[in-house]
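Peer 1: The structure follows.
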Amino acid sequence: MRVLLVLLLSHSVFAQTPDTSNFACVKELEVPGYPGIARATSTQGDVTARIELGDNGRVLAVHTSSPDDSPIAKILATVIENHVPFGKYDAACNGKTVTLIFRFQIAVDRRPTAGYTYPNVFLISANSEPFQK
């Protein structure tokens, strides 16, 4: 399941909570699906992405980190590294680093979803499924 989030949020609505993530630099971002092998092994966790922006909102580098250092958890980080460069970022954010958190969760008793929580957390959930070759 892929979800395209067009971020046309009025940041003044959230003015009570200071945002140090530079999330306002994100104009459009495709949230990736849950990787099959991670679903099959019920791997879940957070991946933090630090996206360095250059001229015209171009992505210069993506650095990811996760509390879990397992090989399967690294697949989650790789998925994020492959998706965030294709987002659209504000040209005025040259030299800034955007921090986004992607929360992968196995949904046991509910439908898989994708969502967003202010200021910079994206939820990606899936039902556990057997690995298929």
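The values are calculated or read from the model by the stated rules, or taken from the named source; none is laboratory data. As the structure is a prediction and not an experimental result, all values here were calculated from the model. A quick note on method: Cβ atoms are made from the backbone with ideal geometry, for glycine too, and the neighbour counts reach across all protein chains shown. Accessible surface areas use protein heavy atoms only, side chains included; no ligands, DNA or RNA. Shrake-Rupley method; radii C 1.70, N 1.55, O 1.52, S 1.80 Å.
Listed here are the residues, each with its yes/no results for (1) modelled with pLDDT of 90 or more; (2) under 11 Å from the mean Cα position of the chain (by Cα).
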site	(1), (2)
Leu8	no, no
Ala15	no, no
Cys25	yes, no
Gly36	no, no
Arg58	yes, no
Pro71	no, no
Leu76	yes, yes
Lys88	yes, no
Ala91	yes, no
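Peer 1: Which ones in the stretch 82-106 are of a type in the set (A, V, I, L, M, F, W, C) and surrounded by fewer than 16 Cβ atoms within 10 Å (Cβ to Cβ)?
Peer 2: Result: Phe86, Ala91, Ala92.
Peer 1: Based on what the data block shows, is Thr41 among the hydroxyl-bearing types (Ser, Thr, Tyr) and either modelled with pLDDT of 95 or more or within 11 Å of the chain's Cα centre (by Cα) (or both)?
Peer 2: It is false that Thr41 is among the hydroxyl-bearing types (Ser, Thr, Tyr) and either modelled with pLDDT of 95 or more or within 11 Å of the chain's Cα centre (by Cα) (or both).
Peer 1: Now, a different point. Within the stretch 32-69, can you find the residues that are part of a helix (DSSP H, G or I) and under 30 Å from Ser128 (Cβ atoms)?
Peer 2: Within the stretch 32-69, the first condition is being part of a helix (DSSP H, G or I), and the residues that meet it are 36-40, 55-57.
Within the stretch 32-69, Gly36, Ile37, Ala38, Arg39, Ala40 qualify.
Peer 1: Of the residues that sit in the stretch 33-77 and are over 19 Å from Thr99 (Cβ atoms) and of a type in the set (Val, Ile, Thr), which one is least open to solvent (accessible area, probe 1.4 Å)?
Peer 2: Thr43
Peer 1: I'd like the full set of residues that are of a type in the set (Ser, Thr, Tyr) and either in contact (Cβ under 8 Å) with a residue 24 or more places away in the chain or out of contact with any strand residue (DSSP E or B) (no Cβ under 7 Å at 6 or more places or on another chain) (or both), limited to the stretch 33-82.
Peer 2: Within the stretch 33-82, the first condition is being of a type in the set (Ser, Thr, Tyr), and the residues that meet it are 34, 41-43, 48, 64-66, 70, 78.
Result: Tyr34, Thr41, Ser42, Thr43, Thr48, Ser70, Thr78.
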